[in-house]
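The values are calculated or read from the model by the stated rules, or taken from the named source; none is laboratory data. Bear in mind that the values here come from a model prediction, so they are computed numbers and not experimental data. With ideal geometry, Cβ positions are generated from the backbone for all residues, glycine too; neighbour counts draw on all protein chains shown. Areas reflect the complete protein model, heavy atoms only, side chains present, ligands, DNA and RNA absent. Shrake-Rupley method; radii C 1.70, N 1.55, O 1.52, S 1.80 Å.
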Amino acid sequence: MSKWLLLFVGFLLFEGWAAAAPEVVRTPLAVPGIGTVHRYRIGRNVTIGVNFNLELLCIATAAGSGFTHPGYGAVQNEIRDQSQAYYSMFQTMQSALAMNDLSLRMMALPARKFSTPILSRVLNRGQILSGTFGYQTRPSEKLADFPLIGTLRSFYRESDSGRFFAQLLPEYNRITDRFVVRFKAHYIGQLEDFFGVDAGQNRFNIILSPLYSGGGALYLINRQGTTTHFAIINPCLPRARILRLLYHETAHTFLMPLLQRRMSLLRRYRIYQNALNPEVDGVVRNNFYSLMNETLARVITASMIAQYQDGAAAEQLILREKNSGWKNIDELYSLVQNQYLTQRERYPTFDDFLPVIFRYLKVKSTGESFDIGPPFRTAQPIVMAKTHPANG
């Protein structure tokens, strides 16, 4: 065992949770023109590291917007500060203006900063925007005639971004190392338990971006038919916020394919979506799929925090979401806690439980009563069905 790994394991023991920790393997990646990027594999199927394609996308659109783009993170850190100072001279570059215009025209709501077609094409390339990995990506009419990759390559070349990233590489690597020490992949096994699925055949790619606003999520299908789950996390956020984002964004990647398979139910019950329509700025209110995806991800995040962190914190989170305008989210949380998590023999998977949620929305829309069990403030702690130590 290397000296570095011995020190790393010693730190984990100091943190008090190394006994159940999955294996951590450092897998550095040589990026031409930049240097060797720190990257890690956690357990059997989790990868953590920086993706300079995504960093370039954030910077190009931010520069083209005068650093006001919603995808450009507000959390101060050395990389963000230096990027704004370095790229301020490139704000009128044609490639930057074109990227900002495209991203705003394809903005996905709720405010996801960059649309899935843009992110999927950028993340389907090797660093930095080299040949494709061959993931299945979603077609987009708005991208059909726009040279997305070519425009980003032009910006990269004309702004000499390789030199900028090479200078900041030690800071990127420091941020990555610190994140891996502080956060593990336990939450993936916890989400597998919640959804009642084994995702061991899939891949989970946690992309760290100190330039990204909050977090993001998407999933891509591999050539072999398995799925790669992408969770984008700004590692400079407060620790509690990062944990919530890890649950929230990864829950999205479990939910999205599940809801896609349930489109017939979505079509049948979308006339009752008024039971979900939130009073939240920037949220699409005519897209039932999006509303279900966003609402359930919030409910699941609170459920994970209640089970594995702090029940009071979960209740506070639900109250904040409700006060922010997420309609009936407290009742949905109680419904999941009281009728799903306590009846796993009846509902082995969350997919099995979805029809109950749809029926609740129908009844709620008509003003009738629906048994959701005790209000969440008095609900008893839930014991999950199992754990997946291989994933944490």
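Annotations
- Taking the three principal axes of the alpha carbon atoms in region 238-366, the coordinate ranges are 40, 39, 26 Å, sorted in descending order.
- If you run the Gaussian network model on the chain, springs between alpha carbon atoms under 10 Å, then out of Asp193, Asp145, Asp177 the most flexible one is Asp145.
- Here the Karplus relation 6.51 cos²θ - 1.76 cosθ + 1.60, evaluated at θ = phi - 60°, turns the backbone of region 241-248 into coupling constants of 5, 4, 4, 4, 5, 4, 5, 5 Hz, with x for every Gly and Pro.
- Calculated SAXS-style log₁₀ I(q)/I(0) at q = 0.13, 0.15 Å⁻¹ - region 24-222, Debye, Cα scatterers: -0.72, -0.97
- Share, in percent, of DSSP beta bridges within region 180-314 that are antiparallel, nearest 5: 55 percent
- Three-way shape label, region 154-311, alpha-carbon gyration tensor, a/c 1.5: prolate
- Accessible heavy-atom area order of Cys58, Cys236, highest first, probe of 1.4 Å: Cys236, Cys58
- Net charge over other residues, Cβ less than 12 angstrom from the Cβ of Met99 (K, R count +1; D, E count -1): +1
- Rounded to whole Hz, the Karplus (6.51, -1.76, 1.60) HN-Hα couplings of region 144-159, x for glycine and proline: 4, 10, 10, x, 4, 5, x, 5, 5, 5, 4, 4, 4, 6, 6, 9
- Sulfur and carbon atoms: percent of accessible area, the chain [1.4 Å]: 51 percent
- For region 24-222, DSSP calls about 70 percent of its internal beta bridges antiparallel.
- Cα gyration tensor shape for the chain, rounded if a/c is under 1.5, else prolate or oblate: oblate
- Sequence-separation-based contact order of region 238-366, relative, with Cα cut under 8 Å and 6+ spacing, percent: 30 percent
- When shorter helices are ignored and each DSSP H run of at least 4 residues is given -39500 (n - 2.57), the per-residue value for the chain at 222 nm works out to -15500 deg cm²/dmol.
- What the chain shows is 43 Å² of accessible area per residue, with the surface traced by a 1.4 Å probe over protein heavy atoms.
- Relative contact order [Cα under 8 Å, 6+ residues apart], the chain, whole percent: 18 percent
- Beta bridge orientation in the chain: antiparallel %, DSSP, nearest 5: 65 percent
- Shown in residue order for region 298-303 are the 3J(HN,Hα) couplings computed by the Karplus curve 6.51 cos²θ - 1.76 cosθ + 1.60 at θ = phi - 60°: 5, 4, 5, 4, 5, 4 Hz (x for Gly and Pro).
- The chain: most fluctuating residue of Gly215, Gly200, Gly73 per GNM, C-alpha cutoff 10 Å: Gly200
- Once you divide the Cα radius of gyration of region 43-124 by 2.2 N^0.38 Å, the number left is 1.14.
- Gap separating the Cα centres of region 185-228 and region 44-109, nearest whole Å: 23 Å
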